[in-house]
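The values are calculated or read from the model by the stated rules, or taken from the named source; none is laboratory data. Predicted model, so just to flag it, every value in this text is computed and none were measured. Cβ coordinates were reconstructed from backbone atoms using ideal geometry, including for glycine residues, and neighbour counts include every protein chain displayed. All accessible areas refer to the heavy atoms of the entire protein, side chains included, with ligands and DNA or RNA removed. Shrake-Rupley method; radii C 1.70, N 1.55, O 1.52, S 1.80 Å.
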Amino acid sequence: MLHEVTTAVRIAALAGTVCLAACDTVSVGNTGANTQTLCLTDYQQCIDPILHASINGSLGPLTCSASGCHNSTTGSGGGFKLFADPDPADPTFDQQILANFISAKAFANFNSPPDSKLLLEPLRGVFAISGTHTGGDIFPDTADACYVAIRDWISRRVTARDAPSCGGCTPPDVSTCGN
Ligand code: HEM
């Protein structure tokens, strides 16, 4: 009886090995896109200030991280949540910036930056793609200095958010953004 059982197990094991040998090898390694990220330094220097600035949009001067908008505690802005205007003197400043970075990056399309929700939602004239945006049209067109800064940030993929190639972005003059 014991002999029959062990033989059956061996056969099963062998059959399994044969099957496995016949399987195609499927690479489950990183395809590159999912090992890429964006620059944290550039986000802090050039993008985060845009999200706390008062920009004159189609609904008047509004701030992305304002209460009722994308504020992390009082906002109703979907999944895009921000710590409002992090203060460098605050001991949790770095954590707040990192949280804002991760939140903004979640709405970035690495493969096609102009198709990022982070750009489409506040952009005029793309209702057909992203639907209405309660915050209105913040960026009148794709030449807007703040739009360009966000698009260029998303376009620079790096392998680590603190990669040596990070830094060096030119902060946009937010007073020129909007209508
Ligand atoms: C540059 C500034 C802004 C950016 C980049 C931005 C970006 C976004 C993004 C990416 C979404 C989609 C979130 C999701 O799919 O979960 C969104 C939705 C939303 N935003 Fe904004 N937003 C901005 C300004 C504002 C302002 C000023 C307000 C408030 C007056 C606002 C209110 C909302 C609300 C309520 C939603 C969720 C419902 C909807 O889609 O309309 N946003 N925004």
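Points worth noting:
- Scanning the range 98-139 for residues that are on the phi < 0 side of the Ramachandran plot, part of a loop (DSSP other than H, G, I, E, B) and touching a strand residue (DSSP E or B) at 6+ places or on another chain (Cβ under 8 Å) yields a count of 5.
- Among the residues of the range 143-158, the ones that are closer than 18 Å to Ala104 by Cβ and in a loop (DSSP other than H, G, I, E, B) come to 3 in all.
- For the range 67-83, the candidate set comprises residues that are more than 6 Å from the ligand (Cβ to nearest atom) and surrounded by 15 or more Cβ atoms within 10 Å (Cβ to Cβ); within that set, the residue that is nearest to Thr134 (Cα to Cα) is Gly75.
- Any chance Lys105 is basic (Lys, Arg) and surrounded by 18 or more Cβ atoms within 10 Å (Cβ to Cβ): yes
- Of the listed requirements (1) modelled with pLDDT under 90; (2) touching a helix residue (DSSP H, G or I) at 6+ places or on another chain (Cβ under 6 Å), Thr35 misses just one: (2).
- Scanning the range 71-90 finds one or more residues that are more than 15 Å from the chain's Cα centre (by Cα) and of a type in the set (Val, Ile, Thr).
- Which numbered condition Ile97 misses (of (1) open to solvent by 20 Å² or more (accessible area, probe 1.4 Å); (2) at pLDDT 95 or above): (1)
- Checking each residue in the range 43-64 for being free of Cβ contacts under 8 Å to residues at least 24 places away in the same chain and either closer than 20 Å to Ala108 by Cα or within 15 Å of the chain's Cα centre (by Cα) (or both) picks out only Thr63.
- Residues satisfying the stated conditions in the range 35-85, i.e. of a type in the set (S, T, N, Q) and assigned to a loop (DSSP other than H, G, I, E, B): Gln36, Ser58, Ser65, Ser67, Ser72, Thr73, Thr74, Ser76
- Residue within the range 86-97 that is near the ligand (Cβ under 8 Å from one of its atoms), within 14 Å of Ile47 (Cα to Cα) and assigned to a helix (DSSP H, G or I) present: no
- For the range 64-94, the tally of residues that are modelled with pLDDT under 95 and of a type in the set (Val, Ile, Thr) stands at 2.
- Subset of the range 111-169 that is β-branched (Val, Ile, Thr) and surrounded by 13 or more Cβ atoms within 10 Å (Cβ to Cβ) - its residue that is farthest from the ligand (Cβ to nearest atom): Val158
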